[in-house]
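A.B. asks: Quick one: the structure is below, and I'll ask about it shortly.
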Amino acid sequence: MIHALRGMKDLIFDDARRYEYIIGTLSRIARNYGFEYIETPILEETRLFKRSVGESSDIVGKEMYQFTDKGGNDVCLRPEGTAGVVRAFVQAKLDRQQGQKYRFFYHGPMFRYERPQKGRLREFHQFGVESFGEKSVEEDFTLIVMLAEIFEALGIRTRVKINSLGCTACMPPYRRRLVGYLEAIAQELCPDCQRRIATNPIRVLDCKNEQCQKLLEEAPKLSQELCEQCDRDFTRLRKLLTEAGIAYEVDTHLVRGLDYYSGAAFEFVSDEIGAQSAVAGGGRYDRLVEFLEGRPTPGVGFAIGIERIMELVRMPQERREGWYLGAMTPEALDRLLPLARRLRRSHRVVVEYAPKGLKAHLKGADKAKARYCAVIGEEELAKEHIWIKDLEAREEKTVPLKELEKLEAQ
C-alpha cells in the first residue's frame, strides 16, 4: 500500500469540514476588512526566498524543498506566503501606482522539510493577509484587531504580544550594541546563537533555549532606544489597543531577523496548545518590496498556521441540509434524476441509485445529514407523487411531482 509521505496528511471527513469552515470564516472576515483574494504559485524560484526569508535562516538553509527542474531552473516549493504575494505585487507593477493602497488575502499549502510534530507538518496550510501602500500605524492596529476578531469567531482564547523593531535610523546602532553584548557572552550561548551573532544577531533574542534566555535578560532592549518617530508610533499603537479593549504585553524578545522589517511586530499565542504556543504572527515590512526589486512601498501583514489551530476551533452545531432522493422500484429512478437536477440549482442533493426499502433510505438520508428524505415507491409512481419526510421537524407528507417548483422554494 502506498502511504502519504512523512509529515504530510490527508484532509478528509471531519478534518476537511473543519478546514473548510476555518478558511470560510477567515475569508469572510478578511473581505469585511477590505481585503481581496490573491492566488500565487506553489512553485517559485529559489532566489525569491533567499532574498525575502534570508539565506541565513533555517528555512532557506535547512528546510526548503528545493530542486533543479527539467529546464535547469533552481526552484522550490513555497515555505511561506508573503514572498510570493510581494513578488506578484511587483510583477503586476502595482508598486508604481503611487498613492494607491492594495490589500490581499491568501490561503493554501506551504512546505518545509522539518521534523514532523503535533501541529507542525512538512506540508502545512497558512492563511495570510498583506497590505501595501499604507504607512500609518493605524493599519498595524487594524490587522491586530482583525486577528482578535478571527480568533474570537473561531472560539480560541489567545494573548497578544507586541514589540517595535525600529527603523533604519534606530536599528543599526542598536544592532551594534547588541552584537557587543552577545560577543561578551558568546561562549555560554547555544551553538545556534553563536552562529547567529555574525549572520543574524537580532534572532538570538528569539532563542527558546532556557540558558540563553537567562543570559539575555540583561541584553539591550530596542524598545528603550527607539528614535522619536518610532517611539511615537509604538506609543500610538499601545494607546489604540488599550482604547479598543485588546489586552497585550510588550515582549522585547519578539523580533524578526531581516533588515526589511521595521515598526510593529505582533504575535498571537494560545495557552491551549503547549509550549509551541504561537498561532499567528505578523508585522510591518516597509522595505521588502524594495528588496524584491520594486519601488519603496510600505507593507504590513500576518499569517495564521491552520494546523496549529485545527483542534482548538469550536465548530458550530452541525445542521441538516439539502435533500436525499431514493427509489423503491427501478422504474422510479427515471423520475428522480430530473428532479435532482432541478433541486441542485439551489440545494445540496444526494441520490441513491439502487432501489431500497423505506427504512434503508431513511438510514441513508440520516447518514448524508440531509434535511429532507424524498422517496418514490410503486404507489407514488402510479399516482405521479413523491413521499417526503422532514428529518429535522419529524414531519412527513406526500405531494404531486408536478409541484416541483414548490419543493425548490423550500
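The values are calculated or read from the model by the stated rules, or taken from the named source; none is laboratory data. Just so it is clear, the model here is predicted, and its values are computed rather than measured. Virtual Cβ from ideal backbone geometry, glycine too; neighbours counted across all protein chains shown. Quick note on the areas: whole protein, heavy atoms, side chains included, nothing else; ligands and nucleic acids left out. Shrake-Rupley method; radii C 1.70, N 1.55, O 1.52, S 1.80 Å.
A.B. asks: Straight-line reach from Lys70: which lysines fall under 28 Å, measuring Cα to Cα and dropping same-chain residues less than 8 apart?
C.D. replies: Within the straight-line limit of under 28 Å, Lys70 reaches these lysines: Lys9, Lys50, Lys62.
A.B. asks: Would you mind getting me the FRET efficiency between Glu384 and Ala354? Use the beta-carbon distance for r and R0 = 22 Å, nearest 0.05. Intermediate values should be presented prior to the final figure.
C.D. replies: Working: r = 22 Å, r/R0 = 1.01.
Approximately 0.50, to the nearest 0.05.
A.B. asks: May I pose another question? Quote the accessible area belonging to Met315 in square angstrom, nearest 10, computed with a 1.4 Å probe and with ligands, DNA and RNA left uncounted.
C.D. replies: 70 Å²
A.B. asks: Per-residue ellipticity at 222 nm for the chain, helices alone: DSSP H runs ≥ 4 residues times -39500 (n - 2.57), over residue total, nearest 500 deg cm²/dmol?
C.D. replies: Only helices count here, giving -9500 deg cm²/dmol.
A.B. asks: Got the relative contact order for the range 193-304 handy, in percent, Cα pairs under 8 Å and 6 or more residues apart?
C.D. replies: Dividing the mean separation by the residue count of the range 193-304 yields 18 percent.
A.B. asks: Further question on the same structure: Just for the range 1-156, what percent of DSSP beta bridges are antiparallel, to the closest 5? Numbers along the way, then the final one.
C.D. replies: Details: 17 of 19 bridges.
So the antiparallel bridges amount to about 90 percent of the total.
A.B. asks: Take every Cα pair under 8 Å in the chain that's 6+ residues apart, average their separations, divide by the length, and report that relative contact order as a whole percent. Working shown, then result.
C.D. replies: Details: 687 pairs, mean separation 61.1, N = 410.
RCO, the chain: 15 percent.
A.B. asks: Report the label-to-label distance for Lys93 and Met1 in nanometres (one decimal), using points 7 Å from each Cα along the Cα→Cβ vector.
C.D. replies: Here the answer is 5.5 nm between the modelled labels.
A.B. asks: Name all residues of the range 138-163 having a backbone nitrogen under 19 Å from the label point set 7 Å from the Cα of Gln229 along its Cα→Cβ direction, giving them as ranges.
C.D. replies: Answer for the range 138-163: 138-141.
A.B. asks: Continuing with this model, one more query. If a/c stays under 1.5 just call it rounded; otherwise compare a/b with b/c (prolate if a/b is bigger, oblate if not). Do that for the range 1-98, with a ≥ b ≥ c from the square roots of the Cα gyration tensor eigenvalues.
C.D. replies: oblate
A.B. asks: At 0.36 nm per residue, minus the direct Cα-Cα distance, what do Thr398 and Glu36 gain on full extension? Give it in nm, one decimal, please.
C.D. replies: 125.7 nm
A.B. asks: Considering the convex hull of the alpha carbon atoms of the chain, report its projected area averaged over all viewing directions, in nm², one decimal.
C.D. replies: 26.8 nm²
A.B. asks: Based on the Cβ-Cβ distance from Arg159 to Gln66, what FRET efficiency comes out when R0 is 41 Å, to the nearest 0.05?
C.D. replies: About 0.70, to the nearest 0.05.
A.B. asks: Here is a further query. What residues of the range 124-140 lie in the reach of a label at Glu149, counting those whose backbone N is under 16 Å from a point 7 Å from the Cα along Cα→Cβ?
C.D. replies: Flagged as within label range: 128-131, 138-140.
A.B. asks: Suppose all protein chains stay in the model; what accessible area per residue would a 1.4 Å probe give for the chain, in Å²?
C.D. replies: Counting only protein heavy atoms, the per-residue value for the chain is 53 Å².
A.B. asks: To the nearest 20 debye, what is the magnitude of the charge dipole of the chain about its Cα centre, counting +1 on the Cβ of each Lys and Arg and -1 on the Cβ of each Asp and Glu? Don't skip to the end; give the middle numbers.
C.D. replies: Details: 65 positive and 64 negative charges, 81 e Å.
Result for the chain is approximately 380 debye, rounded to the nearest 20.
A.B. asks: Still on this model: I'd like the distance separating the alpha-carbon centroids of the range 322-364 and the range 8-75, in whole Å.
C.D. replies: Here the two parts' Cα centres lie 40 Å apart.
A.B. asks: With N residues in the range 279-410, what two-decimal value do you get for its Cα radius of gyration over 2.2 N^0.38 Å?
C.D. replies: Cα-based Rg divided by the globular estimate yields 1.75.
A.B. asks: If the only charges are +1 at each Lys and Arg Cβ and -1 at each Asp and Glu Cβ, what is the size of the charge dipole of the range 51-148 around the Cα centre, to the nearest 20 debye?
C.D. replies: That gives the range 51-148 a dipole magnitude of about 240 debye.
A.B. asks: Still on this structure, please answer the following. Kindly flag which residue pairs out of Lys363/Lys397; Lys161/Lys208; Lys118/Lys367; Lys101/Lys135 have an alpha-carbon separation exceeding 20 Å in this structure. It would help to have the intermediate numbers written out before the result.
C.D. replies: Details: Lys363/Lys397 18 Å; Lys161/Lys208 16 Å; Lys118/Lys367 31 Å; Lys101/Lys135 10 Å.
In this structure, Lys118/Lys367 exceed 20 Å between Cα atoms.
A.B. asks: Hey, another quick one. Rank these by accessible area, largest first, 1.4 Å probe: Lys402, Lys369, Lys221.
C.D. replies: Lys402, Lys369, Lys221
A.B. asks: Give the angle, between 0 and 90 degrees and rounded to the nearest 10, that separates the Cα long axis of helix 14-32 from the longest principal axis of the Cα atoms of the chain.
C.D. replies: 60 degrees
A.B. asks: Taking Cα centroids, how far is the range 256-299 from the range 109-133 in Å?
C.D. replies: 14 Å
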